[in-house]
Every structure is written in C-alpha cells, then in structure tokens.
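Read through the structure below, which is laid out as structure tokens, and then see the notes.
The values are calculated or read from the model by the stated rules, or taken from the named source; none is laboratory data. What you see is a predicted model; the values in this text were computed from it and never measured. Quick reminder, even Gly has a Cβ in these numbers, built from the backbone with ideal geometry, and neighbours come from all protein chains shown.
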Amino acid sequence: MRWVALRITPASNRAGVIAALFEAGSQGVQEDGACVVTHFPSDVHIDAIREAVNQADPGAQVSVSDAPETDYSHWGASVTSHELGDLVISPPWLAKEFDPRRTIIIDPAMAFGTGEHASTRGVVRLMQGVVRSGDVVADLGAGSAVLSIAAAKLGAARVAAIEIEHDSIGNANENVVVNGVEAEVQVIEGDATLLLPLLAPVRVVLANIIFSVLISLLPTIRASLAPGGQAILAGILHEEADAMLAVLDADDWLVEREDREDGWWSVQIAPR
C-alpha cells in the first residue's frame, strides 16, 4: 500500500490538531519538534483532512508528500511498557518482564491503542475501580482492543470490542488471541450507535473516542447501561472538559472520578 505523509505545524492548538487527525482516521502521530507527523493511505481525501485540521487550528500549516516506502519499525521500537496500577500495557518484546495475568500485550501495528497515548492510559487507570468480576462490558471505538483486553484481565465475563474502522479489526483480533481472552472478548465491526443497544444491558461502557462523538453517544450509552452501570469517557482535551461537564450535568450524569494526563481528560460517570 502507498502512503502519504502529512506534516502539520500547529499555530495555537496542538492538542486540537492531534485530535482532529485521529478523528479523520489517523492511526498514530509522531511529534517532531514543532511539527506533528502522520500517515494516511494514498486514496484518503486529503482536502477533508486539511479542512479538519484548519477548523481545529486556523493558523496551522499543512504539508503533504508521498511516502511509498513508509517503515513503521522505528516507531515500533520506541514503544515501551506502561505500568498502570494493577495492569501493564506492553509490546510483545518486553512482556516477559511482567506477570502475564496482569499484562496486556499489544503489538504496535496500525491500530490506535498501544498505551503510548495518554487517553488510553487514563481509561485503564479509571477502569480498575469500575470493572468487576463477571461484568458485561462494551468498548466503543476499540481500536487495537487494548481496553477490551484490560476489561477481561480485570474479570469481565463478556466484552464487546466495537470498532467501525475495518483496517483495525485484524489487529484487534490478533491482540485478543495473543492475550488469551478469546472466550471473553468479541471484536465486532460496525457503528456503536447501532450496535450498543443490541448488546444492552451492559454494566460498563468504555468510550475512548473524541469529544463530538462522545456527546452524540451519551443518550445511547445511558439507555444501554444496566441498573447501577457506569461509563468511562476519554479522548477529551483539557480545554473541552468544562463543556463536557456542562453536558453531563444537564443530562443528569454523576461524575465519580477524573484522570488528567498530557492535555487529555478522562472521566468516570454514572446516571443519577
């Protein structure tokens, strides 16, 4: 597959630019000094991505070039292990250092969710106070299935890893097998808005997506939760937190815990 490289120089909203790239379908970004670099398949609609970036940061400079021989091995070599409470997210070559019962092995392929992003880490920290033995869990925008695997490691009986991006499904299924949680985790390709009600009731919903999508999903999440159910939302920028809190308050959600790291805000909520 041929790729195109995008190099963006943000003017005032670096975090917003990164969020816009993930929303547009980027599976990973590299921060190179003042620039943000990512890659897309050559058939992507570059003008739409450029527009999304400029909406996030009107002063951002975007350059596009061909990258037919993109090699992600150097990026993979930079991935490290992350100890997050009782769990560890680790690439395969470092996993032997940790107890396999608490280790989530994620191959850093082209799917979002390796533990390198603060929003992933925020959810993993919060879910350790939420997911209980025997729970039914739905992971919306599952990416690599890292959060689904974490839920299974915490004792969930059934986890639906819902992902709309076809290119992420193979990697998610591979990670489920590598971690030995095939009996608990099912990877499902499709739209969470349509699929979540079919899985209801679930006791825990995990949603590490982006602010605008989370807002649209809140009514579906509430309707799909079992009595006493909880949700964890992530992919929210610090500057979006107040707006999200206002929406949660207006919709009668109770904020139970929060997590902040590297410009990203994650929140544990429950219906009042």
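Some notes on this structure:
- Count of the stretch 123-136 residues, restricted to those that are among the aliphatic types (A, V, I, L, M) and under 15 Å from the mean Cα position of the chain (by Cα), is 4.
- Qualifying residue in the stretch 163-172 (condition: under 30 Å from ARG101 (Cα atoms), among the acidic types (Asp, Glu) and out of contact with any Asp or Glu (no Cβ under 9 Å at 6 or more places or on another chain)): yes
- 1 or more residues surrounded by fewer than 17 Cβ atoms within 10 Å (Cβ to Cβ) and either on the phi < 0 side of the Ramachandran plot or of a type in the set (Ser, Thr, Tyr) (or both): qualifying strands (runs of 3 or more DSSP E) within the stretch 148-265: 185-189, 225-237, 253-261
- Checking each residue in the stretch 107-132 for being within 17 Å of ILE210 (Cβ to Cβ), of a type in the set (A, V, I, L, M, F, W, C) and modelled with pLDDT of 90 or more picks out only VAL123.
- Every test in (1) more than 20 Å from ARG222 (Cα to Cα); (2) under 17 Å from the mean Cα position of the chain (by Cα) is passed by ALA151 save one, and that test is (1).
- All positions within the stretch 1-19 that are farther than 18 Å from GLU116 by Cα, modelled with pLDDT of 85 or more and among the hydrophobic types (A, V, I, L, M, F, W, C): VAL4, ALA5, LEU6, ILE8, ALA11
- Number of residues in the stretch 46-74 that are modelled with pLDDT under 90, in a loop (DSSP other than H, G, I, E, B) and acidic (Asp, Glu): the value is 2.
- Filter pass, GLY143 being surrounded by fewer than 17 Cβ atoms within 10 Å (Cβ to Cβ), at pLDDT below 95 and assigned by TED's automatic domain parsing to the domain that holds ALA234: no
- Number of the exception - ASP139 against (1) in a strand (DSSP E or B); (2) in contact with a Phe, Trp or Tyr (Cβ under 7 Å, 6 or more places away or on another chain): (2)
- Scanning the stretch 154-184 for residues that are under 12 Å from the mean Cα position of the chain (by Cα) and modelled with pLDDT of 95 or more yields ALA161, ILE162.
- Of the residues making up the stretch 19-50, those that are buried (at least 19 other Cβ atoms within 10 Å of the Cβ), in contact with an Asp or Glu (Cβ under 9 Å, 6 or more places away or on another chain) and of a type in the set (A, V, I, L, M, F, W, C) number 2.
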